[in-house]
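Worksheet: one structure, shown below.
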């Protein structure tokens, strides 16, 4: 569990673990799995809210629940930077972790694959593999996206790659 | 689609839509509070805790302090700061507010103490006090960690209520204890009958208490006793007076004191200060004067005027009867001499007597009537005469007297009044010296070098005495006398025949035996002042008499010296004449010695004796001693011992010279004697005439004539030979030879050349006959009437027959030559 800050770790341990090992093609098992995914996401969201640390909104984009879209944001210098978030559940899920995409930031940072998929730390994959099938979408967000945002957004803002929407508007006007 | 799934989707949706709670950081809150301050929404001081996490208002702080104090009763501010968690500074500040607002609290040495706490402490103390019956405040203070003053101030209002006891000098006592100690003090104070220093009493009581209570007993302060004592005195439970806070004089004692003094004084009409001091009255005279104002204080006693009346009567009596009295003998034993003198000065009869010269006070306490002193003086004067006579005549009578004098000699120097007599005697000496000088000058004696020499004067009395004695020829007592006189010399050296004080005292003691009979411890005390008083008068009269004697003696001295000179001239010329004759025999030593000796024995001895006796006499006269007999018989001769003793008694250098002369007299050479004689003559101011040719001839002539007439008149066959031989020497050698019998033979043989055969033959024959006659006479024993006497007679006849021839021999030649 090394490599993550104490806050992340404590949060992670509070997210309910999943039990069903099923992919999108497993029929009713996947439905079961999806239910568990929802439960854990609800718990995580509630946890964030209670800690005044709410930072994302997602929802299933198709009835099968294999594609998810939503928003995520980060507060830096009292300014809220908000980005679109989307990802697909891979066929080999849950053995393979979903690839989280921030399409707005595509090409703006090196810590990103083509198409806006974020680069995760070297620790992520082993940890995920080790905890398969107990980790779900909530865990992936907590372990993957939250630390990435905290690390990359201040650099992007400071380097001017990302501008606040108010600033962008004013600059556009001018 | 599964319902459950839909349900979950909806739940998730709603969960995401729910409003998240809002959280503020500490920093934000602090900023908010500051903002509130700025906006004056919070318009009071806001304190914060030590941890910095909490704000607290002063009111709350005060409240918390109060709560804490109420809980504990007593709490230190430091503990309070810890307990409340607010900075000490604020706690102190608010504590002051709290204490000032609440009268039941007090802030002492960083501690807040409530009144209820003191109440409980007082109760504790009371419990302990009832147990121990006494507690020291200092102990309590130490226990409570507050000052003892604090404890006192706290306890005082509670004494008698909460604390049932009594606070005394830093100690708490129960009433029972106080009562017990009070009883002790009362008992001790009532037991005291003599004046006492109370602190001594307290210390003994303390000891008693400690013994009773053992080691646990707390030392009771003396001041506790004192305060109890003072209370008792105030209540009148013990009677007496207290001086300087500690000197307690019980009434019993004061009453006894007064009574004893009153009774003694009324009985004896005097009281000694010593008695009062024994009765512990520190200032007797003041005490007595205030009690008996009409009485008289003396040095050591205090008397009633009746004492004076009594003394006065006695003195009046003594004065009227021409007697004396010792006031001490009348006064009580305790009176000192100082008292007596003061008392005497108060007697009216003495005052009168002193004014009219009827009374004299000696030695502070002795009163003498002038009539008595006159009587003593007259008797002493008579004694003086006998004394002088006895001392000058040098009889044995005065010896024992002198003995005592010599004995007193050493002590006399220490007497204070001695200085007076010394100075007077010195004066005497000076006067005498001048007198002597006058006398000498008048006597034409050429004023010798030693004139007026103090040394000379010192021995004057002795010399005169000696002379006197010699004149009397009291040879029997001479040896003893010389000893006595030697003593006399010593004693006399100081005062020159003036009767000494001790002598006078002795005399007075014998003259007035009452002094001894009175049984005085030391008759000296009265006799000495009396002697001192009388002595100057006696000395004055003595001096008068001495003066008269001096003028008388001057004449005689002159006469004496004239005589001496005359005699000395004559005999000295003769001596010189005879000395010349000795030259003839210078070649014959043995004969010369015999001749020298003979000359010294005969002519020189008479000269020396005459000289010594006359000088002695002169000295005596000079000293003013009355000399009865001026006739010094020429024939008087002295033995060598006497000569030396006389010579020794001469003053200084004269004595030395005289001794040389006397020694030379014993020698064999006439020349040494002659020089010695010249010396002494010079020393004593006499002239020695030198023999000149003219004088020699006339002397020789007269000598020859004398001899011739002697020879012609001489009937003794033995002595005629010597005279004839002398005459022959005068005729032939013109020398006056004085030859003893033994030298006659030699003298005769010397004449051999000078005489014709026949004459010489006559001379030798006569001489041999004389020698045989003398030999026979010396051989003859007195009582036997044998042939020797016959032979002496026949020889004598033979000599008598030859005598005319011998005489003719001389007389013829004498006439033929002249």
For this session: Mind listing whichever residues of the range B:46-78 are surrounded by fewer than 10 Cβ atoms within 10 Å (Cβ to Cβ) and at pLDDT below 80?
Result: B:51, B:52, B:53
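Matching residues to (1) in contact with a helix residue (DSSP H, G or I) (Cβ under 9 Å, 6 or more places away or on another chain); (2) facing chain B (nearest Cβ under 9 Å):
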{"site": "A:13", "(1), (2)": "no, no"}
{"site": "A:25", "(1), (2)": "no, no"}
{"site": "A:34", "(1), (2)": "yes, yes"}
{"site": "A:40", "(1), (2)": "yes, no"}
{"site": "A:60", "(1), (2)": "yes, yes"}
{"site": "A:66", "(1), (2)": "yes, no"}
{"site": "A:81", "(1), (2)": "yes, no"}
For this session: Please enumerate the residues belonging to the range A:47-57 that are within 8 Å of chain B (Cβ to nearest Cβ) and closer than 13 Å to residue B:16 by Cβ.
Result: A:48, A:49, A:54, A:57
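Would you call residue A:85 within 30 Å of residue A:160 (Cβ to Cβ) and without any contact (Cβ under 8 Å) to a residue 60 or more places away in the chain?
Criteria not met by residue A:85.
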Problem set entry | Boolean, residue B:69 is touching a strand residue (DSSP E or B) at 6+ places or on another chain (Cβ under 6 Å) and either within 14 Å of chain A (Cβ to nearest Cβ) or in contact (Cβ under 8 Å) with a residue 40 or more places away in the chain (or both) | yes
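Would you confirm, using the coordinates I've provided, whether residue B:107 is away from chain A (no Cβ under 14 Å) and crowded, with 18+ Cβ neighbours inside 10 Å? Spell out how you get there, then give the answer.
Values: away from chain A (no Cβ under 14 Å): yes; crowded, with 18+ Cβ neighbours inside 10 Å: no.
The answer is no for residue B:107.
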Problem set entry | Elements of type helices (runs of 4 or more DSSP H) contained in the range A:87-160, each with 3 or more residues being out of contact with any helix residue (DSSP H, G or I) (no Cβ under 7 Å at 6 or more places or on another chain) and surrounded by 19 or more Cβ atoms within 10 Å (Cβ to Cβ) | A:146-158
Exercise. Quick one: how many residues across the range B:1-51 are more than 10 Å from chain A (Cβ to nearest Cβ) and under 26 Å from residue A:78 (Cβ atoms)?
Worked result: 16
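The values are calculated or read from the model by the stated rules, or taken from the named source; none is laboratory data. Please read all numbers here as calculations on a predicted model, not as lab measurements. Because the Cβ atoms are built from the backbone with ideal geometry, glycine has one as well, and the counts that use them run over all protein chains shown.
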